[in-house]
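The values are calculated or read from the model by the stated rules, or taken from the named source; none is laboratory data. All of these numbers come straight from a predicted model, not from anything done at the bench. Cβ placement follows ideal geometry from the backbone for every residue including glycine, while neighbour counts extend to all protein chains displayed.
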Amino acid sequence: MTPALAQEKIYTISDIYNLPEGSRAELIDGQIYYMAPPNRKHQVIARELFSFINSYIKSKSGSCESFFATFAVFLNKDDTNYVEPDISVVCDSSKLNDKGCIGAPDWIIEIVSPNSRRMDYFTKLFKYRAAGVREYWIVDSEKNRILVYNFESEDTGDYTFADSVKAGIYDDLFINFSEIADLLNI
């Protein structure tokens with residue numbers, strides 16, 4: 001007689017909301033992934049990118065809104081997927097409620113931390129694409145790399161912190177990463 005295999009527990013968003021105060025985690029396909037606090041370099045990159053994107057949207061009187069972590073994204077409109085991207089841009093206001101974004105943001109930026117590398121480069125890449133995110137950037141200061149996935153045009157760009165990178169969802173938004181590199185002495 002073969003022993004029965006243990007069933008893997010499927011977690012839901014209610015499990016995320018019931019974590020101890022101060023715990024940060026994401027939920028992907030019913031599995032909880034705990035997150036370490038970001039380091040200073042991560043925070044500087046996030047701050048600069050968010051400031052630049054938010055200023056751009058305001059200057060254009062755009063309909064999109066930008067958000068930074070910890071902003072809840074209920075990716076698949078189900079109760080087994082919950083992420084907190086470093087930066088999210090949402091252009092469809094009907095997706096926004098008091099809890100966060102219900103469905104896929106238009107643009108997501110993840111800033112790689114040592115413990116998030118596999119998640120950002122693989123798990124989230126495929127999850128975001130399948131959910132309908134239009135554009136996904138992976139910013140990795142340790143590798144001096146910015147990967148840009150424009151899922152609408154099926155283009156991929158590979159840049160460094162010396163480059164100016166164009167946002168695919170806008171015609172005239174370029175982010176000069178050398179300015180961020182200067183702040184970090186990269």
Fill in the blank from the handout: The one condition GLU48 fails out of (1) closer than 24 Å to TYR170 by Cα; (2) surrounded by fewer than 16 Cβ atoms within 10 Å (Cβ to Cβ); (3) of a type in the set (Asp, Glu) is (2)
Practice task
With the condition kept exactly as written, say whether any residue in segment 118-140 is over 20 Å from LYS77 (Cβ atoms), among the β-branched types (Val, Ile, Thr) and either assigned to a helix (DSSP H, G or I) or at pLDDT 95 or above (or both).
Solution key: yes
Exercise for the section: Identify all residues within segment 57-86 that are among the hydrophobic types (A, V, I, L, M, F, W, C) and not in a strand (DSSP E or B); write none if there are none. Expected result: ILE57, CYS64, ALA69, PHE71, ALA72, LEU75
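Here's the yes/no breakdown for (1) within 18 Å of the chain's Cα centre (by Cα); (2) modelled with pLDDT under 95:
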| position | (1), (2) |
| --- | --- |
| GLY22 | no, yes |
| GLU26 | yes, no |
| MET35 | yes, yes |
| ASN39 | yes, yes |
| VAL44 | yes, no |
| GLU48 | yes, no |
| ILE53 | yes, no |
| TYR56 | no, no |
| LYS60 | no, yes |
Completion exercise
Those residues of segment 144-160 which are loosely packed, with under 14 Cβ neighbours inside 10 Å and without any contact (Cβ under 8 Å) to a residue 12 or more places away in the chain amount to GLU154, THR156
Handout entry: Candidate set from segment 84-127 (those that are out of contact with any Phe, Trp or Tyr (no Cβ under 8 Å at 6 or more places or on another chain) and charged (D, E, K, R)); member that is surrounded by the fewest Cβ atoms within 10 Å (Cβ to Cβ)
Key = ASP98
Exercise for the section: Could you check PHE174 against (1) of a type in the set (Phe, Trp, Tyr); (2) under 18 Å from ARG47 (Cα atoms); (3) in contact (Cβ under 8 Å) with a residue 12 or more places away in the chain and say which number it fails? Expected result: (3)
Exercise for the section: Those residues that are polar (S, T, N, Q) and not in a helix (DSSP H, G or I), I need them from segment 35-56; list them, please. Expected result: ASN39
Practice task
Give me a count of the residues in segment 90-111 that are of a type in the set (Val, Ile, Thr) and either in a helix (DSSP H, G or I) or within 10 Å of the chain's Cα centre (by Cα) (or both).
Solution key: 3
Completion exercise
Counted residues in segment 13-70 being over 23 Å from SER178 (Cα atoms), among the polar types (S, T, N, Q) and free of Cβ contacts under 8 Å to residues at least 12 places away in the same chain come to 3
Practice task
Could you list, in sequence order, all residues of segment 166-186 that are in a helix (DSSP H, G or I) and small (Gly, Ala, Ser)?
Solution key: SER178, ALA181
Handout entry: In segment 71-113, the residues that are of a type in the set (D, E, K, R), touching a residue at least 60 places away in the same chain (Cβ under 8 Å) and closer than 18 Å to ASN150 by Cα
Key = ASP106
Handout entry: Subset of segment 146-165 (residues that are assigned to a strand (DSSP E or B) and within 21 Å of TYR121 (Cβ to Cβ))
Key = ILE146, LEU147, VAL148, TYR149, ASN150, ASP155, THR156, GLY157, ASP158, TYR159, VAL165
